[in-house]
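Notes to accompany the following structure.
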Amino acid sequence: MVQQQGNVQQQRFSALLENDYDYNRPRRGHLSRATILSVDENEVIVDLGCKRDGIVPRTDLERLDDAYRDSLQVGESVPVCILAVFGHQGELVVSLNQGLAQHDWVRAEDLLESGETCQAEVILANRGGVVVQFGRLCGFVPNSHLTAMGHSARGERLRRAKSRLLGQTLSLVVIEVDRQRRRLVLSQRLADRHRRQKLLAELTEGEVRTGVVRNLVEFGAFVDLGGVDGLIHVSELDWKYVNHPSEVLSMGDEVEVYVLKVDRQRERISLSHKRLLPDPWPRVAEWLHVGQVIEGAGTNVAEFGIFVDLGEGVEGLVHTSEIPDGETDWASLEPGSPITVRVLRINRWRRRIALSLKDVPATMSLMNVETSPILTGVEY
């Protein structure tokens, strides 16, 4: 019985010894998460989850910026780096400043591996690129990885472009991390490419998006959808005839668009503005009738005929077979020129209207031409 009790005591003693040493011993230079136990002007005491608490000395606290130091609160989790395994009185000496820096290196390595984007503010511009603030670290974005520069930017133009970036927050991707050389390199171009690819993957035909007009050209308007541009062709700007996109939109306008087509391989997006506007075709077609003589406006001349706007962008076609013999001056027709036509056929299912110039005088008194509120007052 005595021997059995002795064995039990021996097992308990062994268990106590094992528990006493069964933990990760802190090592110098080791990065660890700690919970703040107390904060005062001279030191911060943290719980490292081991046998002894850690102390952040005053000299380390003075290296922190005032705003962060004042924000420290009991119960907050912070990264610390172990400086000395044992202090003068048996405590652990840790550095919050180095812990934050080491934590930023770990974060940079994680971002390098995942390829995810991050945000960083530009704090300095130099000859080779710009310097950004990445937590407690300074990262570098080379000129070739800045989207705002352009491949042709040189000399003074390049310097001014980089100066305008100071104080701006950029979306970046980490492309190189070297702790020993304290080298952290990031790219804005890759971040923009990732954002475009993500947006292209998310876009679906038929959905409605909001974007900003970035450029106007003769054939349409380019709209920024949040990292990738889509094109509204001039024919998709409005139901009525549009000679130039500036008649409908202006640079910087925020506009709702309808996604017509997404070409992910070529990274091209076709958009429409008019699909979100009331369709005038049913109203115009309802008022029209076969045999009606009406005045419209020429919009385009093709080899097979003349397109005529009958009101609010609803077009009809005068086929070449319906142009009187000898009238060849239609080839020089200017967009918006008035034309008096006769309605031949109306196909509501195919949304087509056939017109004729035969048996219609080239010049006709407006008193003899039918008018309607729908078809009058249209500006070209």
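Values quoted throughout were computed directly from the atomic coordinates according to the rules given, and no laboratory measurement underlies them. Everything numeric here is computed off the predicted structure, so don't read it as measured data. We place every Cβ from the backbone using ideal geometry, glycine too, and count neighbours over all the protein chains shown.
In which sequence would Ile123, Ile36 go, from the one with the fewest C-beta neighbours within 10 Å to the one with the most?
Result, fewest neighbours first: Ile123, Ile36.
Taking R0 as 51 Å, what FRET efficiency do you get between Ala84 and Glu247 from their Cβ-Cβ distance, rounded to the nearest 0.05?
According to the calculation, E is roughly 0.10.
Please go through region 220-298 and write out the GluC sites (Glu not before Pro) that DSSP classes as loop and that have at most 15 other C-beta atoms within 10 Å.
Within region 220-298, the qualifying GluC sites (Glu not before Pro) (loop, at most 15 other Cβ atoms within 10 Å) are Glu267.
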Gained length - Glu256 relative to Leu277, 0.36 nm times residue gap less alpha-carbon distance: 6.5 nm
Simple spin-label estimate for Ala201 and Gln168 in nanometres, 7 Å along Cα-Cβ: 2.7 nm
Residue-by-residue Karplus 3J(HN,Hα) for region 106-119, coefficients 6.51, -1.76, 1.60, Hz, glycine and proline x: 4, 5, 5, 5, 5, 5, 4, 6, 7, x, 6, 8, 9, 10
Simple spin-label estimate for Glu121 and Lys51 in nanometres, 7 Å along Cα-Cβ: 4.5 nm
Separation of the Thr35 and Ala302 label points, Cα + 7 Å toward Cβ, nm: 7.5 nm
Gyration tensor verdict on region 98-231 (Cα atoms; rounded if a/c is under 1.5, prolate if a/b is larger than b/c, oblate otherwise): oblate
Rounded, prolate or oblate (a/c below 1.5 giving rounded, otherwise prolate when a/b exceeds b/c) for region 203-276 by Cα gyration tensor: prolate
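Stick to Cα atoms and the Kirkwood definition of Rh, then tell me Rg/Rh for region 115-193.
Taking Rh as the inverse mean 1/r over Cα pairs, Rg/Rh reads 0.95.
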